[in-house]
Each structure stands twice: as C-alpha cells, then as structure tokens.
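*Asks:* Can you read through this structure? Questions will come right after.
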Amino acid sequence: MAWSSETMVKKVACVAVLMCMVVAAPHAEAAISCGQVQSSLTPCVSYLKGSGGAVPAACCNGVKSLSNAAKTTPDRQTVCNCIKSAAAGISGINYGLVSSLPGKCGLFLPIKIGPSTDCSK
C-alpha cells in the first residue's frame, strides 16, 4: 500500500499538532479573575473592618485557596491588584489587619498589601 505524498504530509502535520498540544497542555492555566479574589475574600470583610480578634475559618479557607491558585507571577499580580481595588472600595477597612491576615492564616507573604503596595513587583 503506497501513500501519496499529500497524505503523508497531512499525517505528519496532524502528529505535529498533537505533539504541540501535549507539550503545551501542562502550561495552560486559567488566569485568576477579580471575581474569584472577591469571592474568596468576602468572608474576611467583617473581620478586616473590626479591631482584630479571631480570624473566621471561612476567611482563612478563602485566603489559602487564593494562595494555592496564584502560582504564577501574573496571577499573584492580579490578586494583589484586585485586593487593592476591592479594599479601596470598603470604608473602615483596617490595613493593619489586611497585612497581618496571611500570617494569621498560616501563610507567609513576602509583601504587605496596602494602598501603596506596588503589585508589579
């Protein structure tokens, strides 16, 4: 059975496309949206407007979930910008509590999030 050169080219092209898909698949990740950030951190709002005390478990769960989802630098930058934007729209927010929240939930965050945080770094 002889294959025509056109058939062979189509088969090779098909294999090449499949190989590219397999190689690229592990790198394709969904970007985090501000909606996801807000949803994860909504349980924290009353705590962040208060004077401290115990952090609600639902708040820490959201913080940890967000931390686990933000693996790439662009995702972390998005999370940072979304937090800054959301916090600016909440009156009475205690930025000291915002900065200490990751630590209180058992996470290490190398920067403190506040109104002047540079999310590009």
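The values are calculated or read from the model by the stated rules, or taken from the named source; none is laboratory data. Note that this is a predicted model, so its numbers are computed, not measured. FYI the Cβ positions are ideal-geometry reconstructions off the backbone, even for glycines, and counts take in every protein chain you see. All accessible areas refer to the heavy atoms of the entire protein, side chains included, with ligands and DNA or RNA removed. Shrake-Rupley method; radii C 1.70, N 1.55, O 1.52, S 1.80 Å.
*Asks:* With (1) within 15 Å of the chain's Cα centre (by Cα); (2) open to solvent by 50 Å² or more (accessible area, probe 1.4 Å); (3) modelled with pLDDT under 95 as the list, and V23 as the residue in question, which single condition is left unmet?
*Replies:* (1) is the only condition that V23 fails.
*Asks:* All but one of (1) open to solvent by less than 60 Å² (accessible area, probe 1.4 Å); (2) at pLDDT below 95; (3) on the phi < 0 side of the Ramachandran plot hold for G52, so report the exception by its number.
*Replies:* For G52, the failing item is (3).
*Asks:* Which condition breaks for A58 when tested against (1) surrounded by 16 or more Cβ atoms within 10 Å (Cβ to Cβ); (2) modelled with pLDDT of 95 or more?
*Replies:* (1)
*Asks:* Within the range 31-48, track down each residue that is assigned to a loop (DSSP other than H, G, I, E, B) and either in contact with an Asp or Glu (Cβ under 9 Å, 6 or more places away or on another chain) or within 12 Å of I90 (Cβ to Cβ) (or both).
*Replies:* A31, I32
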